[in-house]
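J.: I have a structure I would like to understand better, so I am pasting it below and will then ask my questions one at a time.
The values are calculated or read from the model by the stated rules, or taken from the named source; none is laboratory data. Just so it is clear, the structure is predicted and the values come from calculations on it, not from any experiment. All Cβ positions, glycine included, derive from the backbone under ideal geometry; neighbour counts span all protein chains shown. Remember, those area values only see protein heavy atoms, side chains included, never the ligands or the DNA or RNA. Shrake-Rupley method; radii C 1.70, N 1.55, O 1.52, S 1.80 Å.
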Amino acid sequence: MICLLRWTALLWTLNSIPCALGMAVSKQSDGSCPPLSVEERRFSDVLDRPLEITGFDLTEMFLLRKGTIAEDLPSFRLGSSPLIKPTKLIFPNGLPSEYSLVSIWRVRRTTKKDRWYLWQIFDQSGGSQVNVVVDGDKKVVEFSFQSLLRNTLRYTFKSRDLHALFDRQWHKLSISVQTNAVSIYMDCKLIERRATDERASIDPSGRTLITTRIEDGRPVDIELKQFLIYCDPYIAELENCCELQDPKCGVERTFNGTAPPLVTAQIPLMLSQPAPQSIDRCHCPAEKAGLPGVAGLPGQKGDKGEKGNTGEAGPTGNGGPKVGHSLNDLQS
């Protein structure tokens, strides 16, 4: 009887292993994120890039950009028409629980103090499920979401390093969303990381919008080059800033006195794990040498210089030969 029970337990264990493995595999490859074609130059050469990149190009979906992205990203002037679509069209299989948001944009003179949604997903009844707010008046960035208890949790990033985001220049704003943490990057520099509660899953029956003013729901007048959602929370750290005309990269990024470890998409980022390494975020591909420039025109004549100081007195000279004549010599 004991042997029979042991054999039954062994058979049950063996039958359970494939099921458990199957659940794990299906969770990782549920097809929620399609392949995303991006250039290798976007990622720092000092890091191992993941073999497969998955995610969503919201620039293409909202602005109808087609074809391969050129080396120089085109920019789009927004503000003429609302950018809102059904969430099922943007995320057909839902939004993953962990992801990276990577965007490149600049505000304009008339909108640098506006408060607007960079991105928002709301449900069928109009309730906000997740959003990123840019507040030009307070010079902060907010990240909000619904917790497992369905209440809204808001995290405000108010570092002074974010003030440059509103100087009307091109900047890259990236957000890494992990299960229990949210990190914000600007121009490839880690600005701040906050521990968070777990989030509720997204209901895809509502709508998704980008770049919309909170005050009146009108599109905000900004310029946009890139808006990507990667299905990996570590891509926000792996990307460089080579797309910016004047890369504002940070060679060494630290948080609470420790630098984030070097990671790939397969290595979890431990918030408490110190790592002394620094990452060169400006290591971009070398450009081809241009043609020799034309010789410049001759410069204008400079102003007359100031009068110099009086020089020192020279040494006394030697006595010269006698050349005079006496009176007698002249009379003779």
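J.: So, ARG193, is that one assigned to a strand (DSSP E or B) and surrounded by fewer than 20 Cβ atoms within 10 Å (Cβ to Cβ) or not?
T.: Judged against the criteria, ARG193 is a match.
J.: Take LYS85 and tell me if it is open to solvent by 50 Å² or more (accessible area, probe 1.4 Å), over 15 Å from ILE229 (Cα atoms), at pLDDT 90 or above and not in a loop (DSSP other than H, G, I, E, B).
T.: Considered against the rule, which asks whether it is open to solvent by 50 Å² or more (accessible area, probe 1.4 Å), over 15 Å from ILE229 (Cα atoms), at pLDDT 90 or above and not in a loop (DSSP other than H, G, I, E, B), LYS85 comes out as yes.
J.: Inspect all residues belonging to region 14-29 and state whether any of them is surrounded by 10 or more Cβ atoms within 10 Å (Cβ to Cβ) and either in a strand (DSSP E or B) or modelled with pLDDT of 75 or more (or both).
T.: Taking every residue of region 14-29 in turn, none turns out to be surrounded by 10 or more Cβ atoms within 10 Å (Cβ to Cβ) and either in a strand (DSSP E or B) or modelled with pLDDT of 75 or more (or both).
J.: How about region 100-117: which of its residues are in contact with a helix residue (DSSP H, G or I) (Cβ under 8 Å, 6 or more places away or on another chain) and open to solvent by 30 Å² or more (accessible area, probe 1.4 Å)?
T.: LYS112, LYS113
J.: List every residue pair whose Cβ atoms lie under 6 Å apart, where the two residues are 6 or more positions apart in sequence or sit on different chains, the first residue falls within region 143-167 and is in a loop (DSSP other than H, G, I, E, B), and the second residue, located anywhere, is of a type in the set (A, V, I, L, M, F, W, C).
T.: LEU148/ALA200; LYS158/VAL140; SER159/ILE191
J.: Going through region 196-239 one residue at a time, which ones are in a loop (DSSP other than H, G, I, E, B), over 26 Å from LEU36 (Cα atoms) and open to solvent by less than 40 Å² (accessible area, probe 1.4 Å)?
T.: Across region 196-239, the qualifying residues are THR196, VAL220, ASP221.
Listed here are the residues, each with its yes/no results for (1) touching a Lys or Arg at 6+ places or on another chain (Cβ under 8 Å); (2) open to solvent by less than 30 Å² (accessible area, probe 1.4 Å); (3) at pLDDT 90 or above.
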{"site": "ARG41", "(1), (2), (3)": "no, no, no"}
{"site": "PHE56", "(1), (2), (3)": "no, yes, yes"}
{"site": "LEU63", "(1), (2), (3)": "no, no, no"}
{"site": "GLY67", "(1), (2), (3)": "no, no, no"}
{"site": "SER81", "(1), (2), (3)": "no, no, no"}
{"site": "GLU98", "(1), (2), (3)": "no, no, yes"}
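Table: residues versus (1) within 17 Å of GLU215 (Cα to Cα); (2) modelled with pLDDT of 95 or more; (3) open to solvent by less than 30 Å² (accessible area, probe 1.4 Å).
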{"position": "TRP119", "(1), (2), (3)": "yes, yes, yes"}
{"position": "VAL130", "(1), (2), (3)": "no, yes, yes"}
{"position": "VAL133", "(1), (2), (3)": "yes, yes, yes"}
{"position": "GLU142", "(1), (2), (3)": "yes, yes, yes"}
{"position": "ARG154", "(1), (2), (3)": "no, yes, no"}
